Amino acid sequence: DGIGVPADDGARTAAFAAQLTAYSDRNGKTSATFDRAAYPFGPYLRMGIPVNPLPDADAPGVQAGIAWVVGGTDPLTADGAASEAGWKFNAETGRLIANSDDLSSDGIRAYDAW
């Protein structure tokens with residue numbers, strides 16, 4: 001319904017994308033049409049969710065410009081090529097990661113640890 005955080009992961013994912021790419025109100029309800037009084041916020045990403053340029057983002061089936069949204073307080077970790085999303089976001093903690101479990105160019109730190 002656009003208010004708060006939906007309980008279902010799929011609904012959370014759709015709400016997250018809409019709230020970043022459309023106009024919204026203070027409750028997170030979205031509109032494709034600007035209305036200064038009703039939907040004064042956004043859009044924040046006018047060109048859509050950016051493609052994740054990191055290694056796993058080009059794995060078969062991955063939609064690198066998609067963010068998968070989860071809830072809960074468990075640590076957020078990359079699924080790498082096992083996921084269809086280029087990004088992961090936890091709606092409860094506010095953490096956003098690149099969905100790549102590959103190591104950065106220094107060979108020490110995984111991209112999802114940044």
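Worth pointing out:
- Highest average first, the peptides 33-39, 98-104 ordered by how many other beta carbon atoms sit within 10 Å of their residues are 98-104, 33-39.
- Full-extension gain in nm, ARG109 to ALA37, via 0.36 nm per residue minus C-alpha separation: 21.4 nm
- Over all other residues within a Cβ to Cβ distance under 14 Å of TYR39, the charged ones net out to +1, with Lys and Arg as +1 and Asp and Glu as -1.
- Packing-based order for 67-76, 20-29, 40-49, using average beta carbon neighbours within 10 Å, highest first: 20-29, 67-76, 40-49
Here, each number is a calculation from the coordinates, and none is a lab measurement. All values derive from a computational prediction rather than experimental measurement. Glycine also receives a Cβ, built like all others from the backbone with ideal geometry; neighbour counts cover every protein chain displayed.
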